[in-house]
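Bear in mind these aren't lab numbers, they're just calculated from the coordinates by the rules spelled out. No experiment lies behind these values; they were computed from the predicted model shown. For neighbour counting, all protein chains shown are included, and Cβ atoms are generated from backbone atoms with ideal geometry for every residue, glycine included.
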Amino acid sequence: MNTNKETKKVTDYDMQQLIGQVLRYGVLISGLVAITGGIWYLYQQGSGIPDYGTFHGEGEGYTSLTGIIKGLGKGSATEIIQLGVVILIATPIIRIVFSLVAFSLERDKLYILITLIVLSIILFSMFGGLSI
Amino acid sequence: MTILTFTLILLLGAYLAGLAGSLTGLGGGVVIIPLLTLFFHVDIRYAIGAALVASIATSSGSASAYVKEGITNIRLGMFLEIATTAGAVMGAVLAIYTPVNIVAILFGVTLIFSAAMTLRKKHEGALAEGSKLSYVLKLNSSYPAKQGLVDYKLKNIGGGFSIMTLAGILSGLLGIGSGALKVLAMDSAMRVPFRVSTTTSNFMVGVTAAASAVVYLQRGYIDPGIAFPVIIGVLAGAFTGSKLLMRIDVKWLKIIFSFAITAIALNMIYNGFNHKF
């Protein structure tokens, strides 16, 4: 019983370290990508006039994943920044996926179910948004 | 004003927002929205997109440290994320049907509430006996303190879950982390000890914001020209804040910041009623 509890403690600790690393690297990578795109963006358009007084909404290349990938191929600065944003948004979602793996290793059925519910709500939001 | 000057001023503003947000525990998003709308006259929808990005950046950045120390209750966070993510999706849908001036007024009201919450005294002590559901859901845990591991148990799980749903809706509608409501749910309803409730709330903000950010990105709310100075500024500010937090007493800072936030909030509400958005 005692040894059983010990091993469980170790995996909980491992999960904390793993999740901490995922969050840290996700933020770091997204920051670096955003800086790279940002400098390139300022070099290209820095002398322009900002226009954010009216809302333009969808239609731009950086509002969809395919658009971002297409823009990256052309070396477009705004799409590089947006890739950084996508990595940032993906970081907490990847964190959930890692928690799912950790709960599976711990054989915690209740929390595997709870994690799956959260993950499906986010996926629903992601793909539901496409049709709106 | 050229794009270069706009970017540099926004970078500085985002840095201060991240710094103030991490020192007071309010998060980066609450300052970003008034800064962009009242100062730069940016459309509130771009401001909401930027605030969401700022919330995810500060949450993930600081959560990485707290999670490693073992203060964050990952199971509690995961369970309550059902409520906050479902709420965030509802909020993002509601946003389509909500006029921008109503969004501005709601934002102002939430700001005043958050300011009041920062000054409120939190529960320090831990409950010795939890409710039945807290055992079933394995939410009772312990956290490291100076005197060693402190055990705590939770109650009123249903109440906390309901407030979390509301926190999620507001987060999805306004683009903020709504950390104040999250702490209210955990602190007042479920009696989670203060250190655990603030870090677990912060841990949840990233996932909650991501749930609505995937919708807002596709709707064009997140503009790269605004997003990049905001991400970099807020991250740098939050980092400085976390280093400073160990050394300075934030009591007075919290009071001053709360009054400043309230003044900004009244301005947002006034402009909202006059349809200036």
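Per-structure values
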| item | result |
| --- | --- |
| Whole-percent pair-distance distribution, where bins are 5 Å wide, for the alpha carbons of region B:10-90 | 3, 14, 20, 22, 18, 13, 8, 3, 0 |
| Pair A:Leu28, A:Leu123: separation of 7 Å Cα→Cβ label points (nm) | 3.0 |
| Debye, to nearest 20: dipole size of region B:109-264, +1 on Lys, Arg Cβ, -1 on Asp, Glu Cβ | 360 |
| For chain B, calculated [θ]222 nm from helices alone, where every DSSP H run of n ≥ 4 adds -39500 (n - 2.57) | -24000 deg cm²/dmol |
| Reachable aspartates and glutamates from B:Lys122, criterion Cα separation under 13 angstrom, eight or more residues apart if same chain | B:Asp187 |
| Debye intensity ratio I(q)/I(0), log10, chain A, q values 0.10, 0.18 Å⁻¹ (C-alpha model) | -0.49, -1.07 |
| Debye-sum result for region B:77-134 in log10 I(q)/I(0), which assumes one identical scatterer on each alpha carbon, at q = 0.16, 0.20, 0.23 Å⁻¹ | -0.84, -1.00, -1.04 |
| Calculated Rg and Dmax of chain B using C-alpha coordinates, Å | 18.0, 61 |
| Computed FRET value (nearest 0.05) for B:His123 with A:Leu116, which takes r as the C-beta separation and R₀ as 41 Å | 0.80 |
| Mean residue ellipticity (222 nm) of chain A, computed from DSSP H runs ≥ 4 via -39,500 (n - 2.57), nearest 500 | -28500 deg cm²/dmol |
| Average projection area in nm² (convex hull over Cα atoms of the protein assembly as shown, one quarter of hull surface) | 19.1 |
| Region B:221-256 versus region A:53-80: alpha-carbon centroid distance in Å | 27 |
| Calculated P(r) tail over 21 Å for region B:75-233, as whole % of Cα pairs | 49 |
| Subset of A:Lys109/B:Lys155; B:Lys121/B:Lys243; B:Lys121/B:Lys146; B:Lys138/B:Lys243; A:Lys109/B:Lys182; B:Lys121/B:Lys155 violating a 31 Å alpha-carbon distance limit | B:Lys138/B:Lys243 |
| Dmax and Rg, reported as Rg then Dmax, of region B:122-188 (C-alpha, Å) | 13.8, 42 |
